[in-house]
Each structure stands twice: as C-alpha cells, then as structure tokens.
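Report on the structure given below.
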Amino acid sequence: MKRLFVAIEIIPQPALIEKINIIRKSSTVLDKINWIDIENMHLTLKFLGESHEDLIGNIEEIIKKIAQSTPAFQLQLNRIGAFGSRYQPRILWMGSYNQVTEIQTLHKKLEKNLYPLGFKPTYGNFVPHLTLARIHKIDNKKHFWKSIEQHQNTFDFQININEIILFESVINKGYKPIYKKIKVFPLKVNKA
C-alpha cells in the first residue's frame, strides 16, 4: 500500500518565498504552528489515500489522459485564508480570489475518472489552496490576524502551471511527511 495524492507542485520564486517568510513572522514563540517547508509546497487536486500498488499503472494512465487534454495555465496567488474559524483556525493557506477554472476542471475530471477504481469523491467544497501552516494554538489571535491582514494587499503572484504529479506521501518518525514523485504528467502545450 502507498499513500497517494495528485497535485500541482509549486516552486516559489524568491519574491513569494520572501512574502511567506514575512507571514511566518506573524506568529510568536508561544504559538504552536507547524509551518510547511517551502520545498513541500503543493496544491492537492485529489487525495487518493492508501492505495494498492497494483492500481498505480491504471491511476497513471488516467492522469496521463487528463493531463494531455488540459492546456497549461497560469495560477494567480493573491489570497490568504484559513480553514476553521477566525478564533480557532486549523489551516492557514494561500489561494486565489479568481475562480480557477482549470484547477476545478482538473479536480472534477480526476474525481470522475478515478471513481471506477474505487476512489470515492471528495465531500464538501473543493477549495484550491496551498497549505502554509497547520495551526494547533495561537496565543494572541488579534496580533496574528492583524499581521496577516497587513500583508494581504501586497500578496499577488503569477505561477505557470505546466504539469501535474502523482505523489506518494511517506510519514516519517518526526510526523513530517516526505513527498516522493511517482510520475510527472506534462499538460498540453499552448501553441500560439
């Protein structure tokens, strides 16, 4: 069994890394926040979970067909949000205020085409996002949110999306996952 997911890998440019590091300074030493390592940033399209290794070939074939029919596109990262309430946030994330049609379409195609292999649909709203941090406790919520909001208006980055990836998530003893690329699937090249 392998713990699998399909995602878009995000390789941030220096300006985005700088902005993420500024956001990280919103927390204090009294907070219990697990910040995601920059090299692990990704936007999950479909979480597959524990999967039999004999299904990987079929999964790859489905992802390949979807990727080949999806043109490369740009993603605008211009939003910081949280899952959970403002007083009890669980996940701090970045995403887009714009409707990201391409990401929604990729998600729906993966849901539909992987269902016959036994992968159940995702319940609830699919919110395309990149996790910045997992929050366990914030000591001073007013300070934290004021600091986040202070940087919201300066947060606007364009990222080219040219591929989707089948990943394996391996949980190590420190409970920090290691993401291994199983296969990369290029998106359709836009010809001018």
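Quick look at the numbers
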{"item": "Charge sum, other residues only, whose C-beta stays under 12 Å from TYR115's C-beta, Lys/Arg counted +1 and Asp/Glu -1", "result": "+4"}
{"item": "Average Cα contact separation per residue, the chain, under 8 Å, 6 or more apart, as relative contact order %", "result": "34 percent"}
{"item": "Nitroxide proxy distance, nm - points 7 Å out along Cα→Cβ at LYS65 and ASN140", "result": "5.6 nm"}
{"item": "Angle in degrees between helix 101-114 and the longest Cα principal axis of the chain, rounded to the nearest 10", "result": "50 degrees"}
{"item": "Prolate/oblate/rounded call for region 58-135, Cα gyration tensor, a/c under 1.5 rounded", "result": "oblate"}
{"item": "Cβ-defined net charge surrounding GLN68, 13 Å radius [Lys, Arg +1; Asp, Glu -1]", "result": "+1"}
{"item": "Residues with amide H under 5 Å from that of ILE36, placed H, sequence gap 5 or more", "result": "ALA133, ARG134"}
{"item": "5 angstrom amide H check on THR70, placed H, neighbours 5+ away", "result": "LYS188"}
{"item": "Longest to shortest principal axis, alpha-carbon extents of the chain, angstrom", "result": "48, 45, 29"}
{"item": "Potential lengthening between ALA72 and LYS108 on full extension [0.36 nm per residue; Cα-Cα distance subtracted]", "result": "11.3 nm"}
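Rule-based calculations on the coordinates, nothing more; no lab input. Everything numeric in this text was worked out from a predicted model, so none of it was measured. Here Cβ is always computed from backbone atoms with ideal geometry, including for glycine, and neighbour counts include all displayed protein chains.
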